[in-house]
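Contents: one structure, followed by commentary.
Please treat every number below as a calculation from the coordinates, not as lab data. Computed from a prediction, not measured in an experiment: that's the story for all the values here. Because the Cβ atoms are built from the backbone with ideal geometry, glycine has one as well, and the counts that use them run over all protein chains shown.
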Amino acid sequence: MSVTSEPGASGRAGRAVSADISAGVEYRLVRNRLVRDVERGRTMKIDVCDAHPELLRAARNVGRPTKETCPICAECRLVTVTFVFGAKLPAGGRCPGTAAELAQLCRRPEPVLCYEVEVCPECAWHHLMRKYPGGGPKGRRRSKVAP
Ligand SMILES: [Zn+2]
């Protein structure tokens with residue numbers, strides 16, 4: 001049964017799966033605001049360009065290139081890295097190297113949570129772009145995996 005965007009019932013700490021898309025827009029807005037703050041000198045670059053070494057390594061090894069140039073340093077194309085968290089996965093999350101591997105993780109019987117992060121391998125800028133659930137006992141939840 002699919003519940004299509006039921007209004008209300010928001011604000012709770014529940015898992016609002018249907019709120020995925022608006023959440024994605026929200027992340028984007030937050031991200032753009034942060035970039036503007038850096039441009040205006042309200043936020044230090046050092047505060048936003050602090051990607052964890054592990055994340056940077058993932059970005060270099062398995063990051064999927066985007067067409068976007070880094071908004072902070074303008075030196076490098078951004079890459080997308082996805083981390084998958086869930087039971088029986090490493091505490092730091094699994095970082096699938098291919099779309100196929102990601103799709104496989106999203107079909108696990110255990111529920112997983114995927115975090116899609118954009119990273120600049122050059123200046124270590126990083127920001128969460130998308131967060132979506134996958135897996136689960138039903139295993140028939142649609143997993144929207146972008147190419
Ligand atoms: Zn950069």
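If you add up the charges near Gly86, with Lys and Arg at +1 and Asp and Glu at -1, over every other residue whose beta carbon is less than 11 angstrom from its beta carbon, what do you get?
Cβ neighbours under 11 Å give a net charge of +2.
Computed from the Cα positions only, the extents of the range 11-138 along the three principal axes stand at 47, 36, 25 Å, in decreasing order. Converting phi to 3J(HN,Hα) with the Karplus coefficients 6.51, -1.76 and 1.60 and the offset θ = phi - 60°, the range 55-63 yields 5, 5, 5, 4, 4, 6, 8, 10, x Hz in sequence order, with x at every glycine or proline. Could you work out the local net charge near Thr69, counting Lys and Arg as +1, Asp and Glu as -1, over the other residues with Cβ closer than 11 Å to its Cβ? Taking every Cβ under 11 Å from that of Thr69, the sum is -1.
Given +1 at the Cβ of Lys and Arg, -1 at the Cβ of Asp and Glu and no other charges, the dipole of the range 25-141 around its Cα centre is 540 debye to the nearest 20.
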